[in-house]
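Below: one structure, written as structure tokens.
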Amino acid sequence: MDIAQVGVIGAGQMGNGIAHVMALSGYDVVLNDVNQDAIDQALARISKNMERQVRSEKITEAEKQAALSRIIATTDIAQAGDVDLVIEAATENEPVKHAIFESLAPHIRDTTILTSNTSSISITRLASRTDRPERFLGFHFMNPVPVMQLVELIRGIATDQATYDSCLTVVERLGKTAASAQDFPAFIVNRVLIPMINEAVYTLYEGVGSVQAIDQSMRLGANHPMGPLELADFIGLDTCLAIMNVLHDGLADTKYRPCPLLVKYVEAGWLGRKSKRGFYDYRGETPVPTR
């Protein structure tokens with residue numbers, strides 16, 4: 001089917017990025033969140049990020065204004081359901097995602113495609129609780145969405161080819177590259193990335209190296225653009241822990257056991273950049289390692 005209207009559920013870091021790239025690519029976007037403050041912050045963030053693109057001459061001022069005019073923001077989930085494609089981008093919590101799709105059910109068209117931006121949760125399981133598992137797909141963008149080129153497309157066991165092809169067309173229109181992943185815990189990127197981060201936390205936990213030494217070693221020794229602990233703070237330690245738990249529960253292998261230190265940081269509310277403290281303290285002018 002031809003997709004013209006896109007509903008984005010969740011106005012957080014991922015949701016506002018998805019709305020940003022969709023609107024710039026010519027889609028009409030309905031951005032939904034239960035929290036009006038989150039919507040206001042998302043719209044401000046989208047405008048700021050587009051202005052940065054104007055300054056770097058990646059887009060024109062006219063393109064920015066046209067894209068912003070395509071975004072409707074609302075706390076009414078009914079508006080977000082009356083679209084061709086829904087992308088759920090709420091927190092990485094399975095019961096929350098099930099509740100969102102249940103609340104959408106009375107408002108979606110017969111032809112609407114449902115997708116989730118989940119980074120680890122079973123697409124088959126999410127789809128099974130809807131009335132259209134054949135028109136349900138994993139649509140996993142990377143963070144930050146306007147910058148990162150990859151999108152993972154994950155088929156559930158019932159996803160039909162037409163749904164996959166429609167979403168692939170969207171990815172191509174966005175100027176991004178699609179990777180087709182099978183529906184196993186954490187898919188491709190996070191199946192490899194998050195255990196690496198977890199191992200870096202174990203390296204810190206066991207005293208092999210300090211935060212600074214570990215990150216410096218991976219930046220300079222493995223040519224990573226960002227150290228694993230710095231990256232964990234960027235992703236959010238709660239998100240990293242949630243994905244490790246999905247891997248551990250889904251694959252029943254002790255190599256995916258979350259590091260106790262990662263658990264401790266999350267229990268303390270030290271979630272990384274978004275809470276101003278994680279493996280680094282961001283409350284001053286420059287980040288300072290916390291261990």
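Every number here is computed from the coordinates shown, using simple stated rules; none is lab data. What you see is a predicted model; the values in this text were computed from it and never measured. Neighbour counts are summed over all protein chains in view; Cβ atoms, including those assigned to glycine, are modelled from backbone coordinates with ideal geometry.
Whenever a residue of region 91-104 is more than 15 Å from Ile243 (Cα to Cα) and free of Cβ contacts under 8 Å to residues at least 40 places away in the same chain, its partners that are among the hydrophobic types (A, V, I, L, M, F, W, C) and assigned to a loop (DSSP other than H, G, I, E, B), lying with C-beta atoms within less than 6 angstrom and at least six residues away or across chains, give the pairs Val96/Ala90.
Rundown of residues vs (1) within 22 Å of the chain's Cα centre (by Cα); (2) in contact (Cβ under 8 Å) with a residue 24 or more places away in the chain, yes/no style:
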position: Ile194; (1), (2): yes, yes
position: Tyr205; (1), (2): no, yes
position: Gln216; (1), (2): no, no
position: Met244; (1), (2): yes, yes
position: Val266; (1), (2): yes, yes
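Contact map, region 150-179: first residue closer than 17 Å to Asp84 by Cβ, second residue among the polar types (S, T, N, Q), Cβ cut-off under 7 Å, separation 6 or more or different chains; pairs are Leu153/Ser180; Cys167/Thr115; Arg173/Ser25; Leu174/Ser25. Counting the residues of region 196-224 that are outside any helix (DSSP H, G or I), of a type outside the set (D, E, K, R) and closer than 25 Å to Leu261 by Cα gives 6.
Considering region 158-195, and only residues there that are in contact with a helix residue (DSSP H, G or I) (Cβ under 6 Å, 6 or more places away or on another chain) and not in a loop (DSSP other than H, G, I, E, B), the residue that is surrounded by the most Cβ atoms within 10 Å (Cβ to Cβ) turns out to be Ile194. Is it fair to say Thr130 is β-branched (Val, Ile, Thr), more than 20 Å from the chain's Cα centre (by Cα) and closer than 19 Å to Glu92 by Cα? Here the answer is yes, as Thr130 does meet what is asked. Taking the listed residues Ile39, Ile87, Ile100, Ile59, the one that is in a strand (DSSP E or B) and either under 24 Å from Phe234 (Cβ atoms) or β-branched (Val, Ile, Thr) (or both) is Ile87, with no other qualifying.
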